[in-house]
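Below is one structure, written out as structure tokens; the observations come after it.
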């Protein structure tokens, strides 16, 4: 997967959520989409953790 910034990962996650909420989703692709959503969630959480740590570090200095 290409390295995404937070906004790109969040936008892709939102798109996947809309697809997952759609009643016409193909069951054959459900597991793949859920896996991709989990990967995007991990990217977003990691970016937020890094930002939080950077802000805390700056506030200490």
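All of the numbers you see were taken from the coordinates with simple rules; none came from a lab. What you see is a predicted model; the values in this text were computed from it and never measured.
Angle check, please: helix 27-60 long axis (alpha carbons) against the longest principal axis of the chain (alpha carbons), in degrees 0 to 90, nearest 10.
That works out to roughly 10 degrees.
Any idea what log10 I(q)/I(0) is at q = 0.16, 0.25 Å⁻¹ for region 6-60, Debye with uniform C-alpha scatterers and no solvent?
-0.55, -0.92
Grab the Cα-Cα distance for residue 55 and residue 35, subtract it from 0.36 nm times how many residues apart they are, and report the gain in nm with one decimal. Mind dumping the intermediate values first?
Numbers: separation 20, 0.36 × 20 = 7.20 nm, distance 3.05 nm.
Extra length available between residue 55 and residue 35 comes to 4.2 nm.
Relative to the first principal axis of the alpha-carbon coordinates of the chain, what is the inclination of helix 6-21, with its axis defined by its Cα atoms, in degrees from 0 to 90 and to the nearest 10?
30 degrees
Per DSSP H run of at least 4 residues, take -39500 (n - 2.57); add these up for the chain, divide by its residues and hand me the 222 nm value, nearest 500 deg cm²/dmol.
Working: 2 runs with 50 residues, N = 61.
Value at 222 nm, helices only, nearest 500: -29000 deg cm²/dmol.
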